[in-house]
Amino acid sequence: MKRWSFLALLLIAILAALPAQIQAQTVTYAAGADPDSLDPANAESNPSEAINRMIYENLVKFDPKLNLVPGLAEKWEQAKDGMSWTFFLRKGVKFHDGTP
């Protein structure tokens, strides 16, 4: 009996240590109105913005005092002519599929 209990516990420990497969999951979000677009470039409504903030990470964010703080970008610089900005991304940032 003790041997079977030991073997059963050993089997459970081995199975628990195996990596789990990634499974598709569904997220349900309830909003008071329909989003107008999930494309951040075209989203104009509050429901769209609320969903987009859960899907996408911005280069920069606002803190509670409305100061810009790093998001995906760890720092940024404006060009001398004032016509463009350069954003420096955090190390290790990847797309949802794992590509850099």
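Each value in this text was obtained by applying a stated rule to the coordinates, not by laboratory testing. Please read all numbers here as calculations on a predicted model, not as lab measurements. Positions of Cβ are backbone-derived with ideal geometry, glycine not excepted, and every protein chain shown enters the neighbour counts.
Within region 56-75, can one find any residue that is under 19 Å from PRO40 (Cα atoms) and of a type in the set (Asp, Glu)? The answer is yes; a qualifying residue exists. Flag not set for ALA33, criterion: under 19 Å from HIS96 (Cβ atoms), of a type in the set (A, V, I, L, M, F, W, C) and free of Cβ contacts under 8 Å to residues at least 40 places away in the same chain.
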